[in-house]
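Structure first, then comments.
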There are 2 protein chains.
Amino acid sequence: MYRYKLVGQNDKPVYELLYEYIRNDILTGKLVSGDRLPSKRNMASDNGISVTTVVNAYNQLLMEGYIKSFEKKGYFVSDISALPKVKKKNLYENPLYVEDNWFADFGSNNILFKNFPHFTWKKVVREVLSTYETELIMRGHPFGNEELKSEIADYLYRNRGITVSPELIVIGAGIEFLYNRLINVLPSSSTYAVENPGYKKIPKLYNSFSLNWKSIDMDDEGINMRDLETVNPNIVHVSPEHHYPLGTFMPLKRRQELLAWGCGAANRYIIEDDFDCEFRYGSKPMPALKSLDVCEKVIYMNTFSKTLSPAIRISYMVLPEKLMRKYIESTYFFTNSASTLEQLALALFIKKGYFERHIRRIKKLYRQEGETLREILLTNKDIPIISLSETQNGTHILVKLRTELSDDEVREKTAKKGVQVNFLSDFCTKLEAKYEHTLILNFSDLDEDTQKEAISRLGSVFTVTT
Amino acid sequence: MYRYKLVGQNDKPVYELLYEYIRNDILTGKLVSGDRLPSKRNMASDNGISVTTVVNAYNQLLMEGYIKSFEKKGYFVSDISALPKVKKKNLYENPLYVEDNWFADFGSNNILFKNFPHFTWKKVVREVLSTYETELIMRGHPFGNEELKSEIADYLYRNRGITVSPELIVIGAGIEFLYNRLINVLPSSSTYAVENPGYKKIPKLYNSFSLNWKSIDMDDEGINMRDLETVNPNIVHVSPEHHYPLGTFMPLKRRQELLAWGCGAANRYIIEDDFDCEFRYGSKPMPALKSLDVCEKVIYMNTFSKTLSPAIRISYMVLPEKLMRKYIESTYFFTNSASTLEQLALALFIKKGYFERHIRRIKKLYRQEGETLREILLTNKDIPIISLSETQNGTHILVKLRTELSDDEVREKTAKKGVQVNFLSDFCTKLEAKYEHTLILNFSDLDEDTQKEAISRLGSVFTVTT
């Protein structure tokens, strides 16, 4: 007699409970191949349920293959011996990964709560929710929302000197995603140039696609042209306005040389990663390399992660027409990766002038934060500072140290005090002595009190050992 | 004398206008290498502006390299001859790409306005906007929002029989993105099996990563095991609950065989694409293949594109622990691609029971839409129907046709009447005769009136030619 506890369980229909019990008995070996199930009528009366309920449960088991029926003989358990027994997986006692928990993380590029325009952004999102209906749920255009692309084109004209049709702009949920797609329209069997030092994610990204890449040295004006000619890659990734982490600005002459290099062969392209362009404090930024791109060799990339928030997943790239035509062919079947709600909100945010107002506001805040950090560093007596970088751009300071400690030793000692730091050497694909002993301090999400305490902790690392 | 129109322009500061005029004169060749600019004092008095304004403009030009200064001699235009002249790019007269504009698109998988829970979804988004502050702007966890992963784990337990720790779940802005990342943790030099016929995007995706893939035949129970053994790939992509486009359901026996195959070699993995699991109408869906995954060989993937909306960019995958450990190593440096706002909204939407209520509601609607389309097809006298597929699952019907016309001929004639149709042959990587002359009619975004008119237009294609 098969009697099951068929009531008061999870609000599931009774037939589903019966089905689960029998299925479980089969999977755990209580019922084995060839066992005969009670007739529908007996199962019903044993459990005080209707025959229809049993029929529903048996049918589900039949359909899924757990039991078989033979006319006039009844229902029999199938042979599921090929299947090992299932055991439940519990939550891990030791988590597979844990969140970092730093007192201050100079390696992060996050933003400060007070530096985000919460009120205006939420207002705009709410306005989009009230204004749009169908647009919010229909599959978005594979290359991005029309209104946002148009606002970005205008923004690029006003602020980066780029004149571009919105049709050449592609929106994506992050630079990584856009890179994935971009690689598919660049010449296959390309060699990619990685600036040394340079933005860490780029070689990692290239590795993740098994791409062929080589390091190119940097000099005071940006990527070294002689090294570029010697190593001879055909795709170059640069940030002419403000190199990360060196902070190098590429002057017009080097830009001309780089563009001329790009025009020199059909398979050459230049990726201009302009992620830090908005944060020049003394003067206005130079128009983008893309604005001088007469040979159609520059792919312009930018993101709103840094100017707005990394939680709002919108980045974009501007493709030369030839690559865009290839992109249309190869990528039309992909759905756009960016949220339609956020795309529409951002379009409105730019259109109403809120975005540029916000940029002006955080430029002042970042400049102030940078100057404060500089002050704190200069008045600290414990850190053996040789030199500090200027704070005319960006949201990080380079601190050259006079120390016997290796970069890893400083990092470890500092970490024990709850402070995370990176070094220039972390960003080198080919390590050179001149890039050692140089801290990179990102300050975009550290307020003054945190800066003070963190720098004091950093200083104590040197007093104890020397 | 250099006199420029320096007022009433775009609200830009005057120094910026002056800078732009001079820069433009240099770029367009009005000023050439070696030309001497007026002294600061003369430029100021010529234009009725202050000397400071001129200094600012000259400094900007100096910094960017457009001019040089020689002490006691003044300012001179640099040599920019290496740079070809810039011409402005206007908007394209003929657009590079155009939106399709169909009366009815049976190829689309969009959703009907009336089938989306606008009110509840917007309510939840507004609640998230009011509840959260910092979370909405901080960089999200690389693997996805904690609350959403936890809700998904519970949902999978309730509805798909999967017991999984949220730590093994990865969120992404779409299946394409997750696939990108997944490929990086699967054994390199893998051979991927593509079901023939099967979901079109999969081989396209594999091509875009230059992966090695091979077609495997389908039979009535899913992927053909004999063909799988013969062709011998090591990664298989299947949809056991409801294959697209054939609609095949994989019974337990075949599942056991497939799992046993997966357990048979270290480099074998099975990708279970469960995108259509929610839409079985007669009975409840069978627990996922993943629920029987004792060898840790199944990667489970699903998306909210179909159950909620393709404009909400959230998909997820469940990795076996071994792959998750590899994933943590290789992908920790990537930012999550999904919007934090939408992740939090979806978590709340599931938590409050709205999601499962919505699924129950659209199941009824889709079942009704499917039955209506079946009726319309059966009463249409013009379409030479041999057979129709059942409407027990999913949101498409297969229509086997008796016609001399090739699939492409029918498609072209139908397109002229504003109706887009796909054929089973479009989904074949290896064409077989049995898959010809079979229409695929997706109906998830077509209301009854549109269905009627579209089917009538489809019918007229056959009356004119026969």
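All of the numbers you see were taken from the coordinates with simple rules; none came from a lab. Note that the structure is predicted; figures quoted are calculated from it, not measured. Backbone-built Cβ (ideal geometry, glycine too); neighbour counts: all protein chains shown.
Distance from the Cα centroid of region A:252-299 to that of region A:162-182 is 16 Å (rounded to whole angstrom). Listed from fewest to most Cβ neighbours within 10 Å, the set B:Val51, A:Val14 follows the order B:Val51, A:Val14. Once backbone amide H atoms are built at 1.01 Å from N, B:Glu195 has B:Ile216, B:His237 as its partners under 5 Å, excluding neighbours fewer than 5 places away on the same chain.
Exposure proxy ranking for A:Arg280, A:Arg160, based on other Cβ atoms within 10 angstrom of each Cβ and starting from the fewest, stands as A:Arg280, A:Arg160. Each copy carries a label point for B:Tyr332 at 7 Å from Cα along the beta-carbon vector; from one copy to the others these points are 4.3 nm apart, nearest first.
In nanometres and ascending order, the distances from the B:Arg361 label point to those of the other copies are 3.7 (point 7 Å from Cα along Cα→Cβ).
Along its three principal directions, the equivalent ellipsoid of region B:231-342 from the Cα gyration tensor extends over semi-axes of 24, 22, 11 Å, largest first. Determine the shape class of region B:366-463: with a ≥ b ≥ c the square roots of the Cα gyration tensor eigenvalues, call it rounded for a/c under 1.5, and otherwise prolate if a/b is greater than b/c, oblate otherwise. Since a/c reaches 1.5 but b/c is at least a/b, the shape of region B:366-463 is classed as oblate. The distance between label points at B:Thr120 and B:Asp408 comes to 4.6 nm (points 7 Å beyond Cα on the Cα→Cβ vector). Hydrodynamic radius of chain B by the Kirkwood approach over all distinct alpha-carbon pairs: 26.6 Å. Computed over region A:125-252, the P(r) tail beyond 18 angstrom holds 66 percent of alpha carbon pairs. Counting Cβ atoms of other protein chains within 10 Å of each Cβ in B:306-314 and taking the mean gives 5. From the Cα gyration tensor of region A:204-245, with a ≥ b ≥ c the square roots of its eigenvalues, which class applies: rounded if a/c is under 1.5, or else prolate if a/b is larger than b/c, or else oblate? Since a/c reaches 1.5 but b/c is at least a/b, the shape of region A:204-245 is classed as oblate.
Classified by the C-alpha gyration tensor, region B:290-337 has an oblate form. Its axis ratio a/c, with a ≥ b ≥ c, is 1.5 or above, and a/b does not exceed b/c.
Proximity of backbone amide H atoms, modeled 1.01 Å from N, is registered between A:Thr429 and A:Gly198 at under 5 Å, excluding neighbours fewer than 5 places apart on the same chain.
Rounded to the nearest 10 degrees, the inclination of helix B:14-27 to the longest alpha-carbon principal axis of chain B is 80 degrees.
Near the amide H of B:Phe423, within less than 5 Å, lie the amide hydrogens of B:Ile440, all on another chain or at least 5 residues away, with H placed in the peptide plane. With a 10 Å cut-off around each Cβ of B:330-338, the average count of Cβ atoms from other chains is 6. Suppose each label sits 7 Å from its Cα in the direction of the beta carbon; what would the A:Arg361-A:Lys434 distance come out to in nanometres? Those two pseudo-labels are separated by 4.2 nm. Fully extending the segment from B:Lys400 to B:Asp219 would add 63.5 nm, taking 0.36 nm per residue of separation and subtracting the current Cα-Cα distance. Between identical copies, the spacing of B:Thr429 label points, each set 7 Å from Cα toward the C-beta atom, reads 3.2 nm from nearest to farthest. With neighbour counts taken as other beta-carbon atoms within 10 Å, the residues A:Leu136, A:Leu96 rank, fewest first, as A:Leu96, A:Leu136. Based on DSSP H segments of at least four residues, each scored -39500 (n - 2.57), chain B has a per-residue ellipticity at 222 nm of -12000 deg cm²/dmol.
Here the mean projected area of the convex hull built on the C-alpha positions of region B:113-356 is 13.2 nm². Counted over all Cα-Cα pairs of the protein assembly as shown, pairs farther apart than 43 Å make up 41 percent. Once the Cβ-Cβ distance of A:Ser387 and A:Ala265 is raised to the sixth power relative to R0 = 56 Å, the FRET efficiency obtained is 0.90.
Remark: for residue pairs A:Lys68/B:Lys284; A:Lys322/B:Lys430; B:Lys122/B:Lys351; B:Lys200/B:Lys364; A:Lys306/A:Lys363, the C-alpha separation exceeds 21 Å in A:Lys322/B:Lys430; B:Lys200/B:Lys364.
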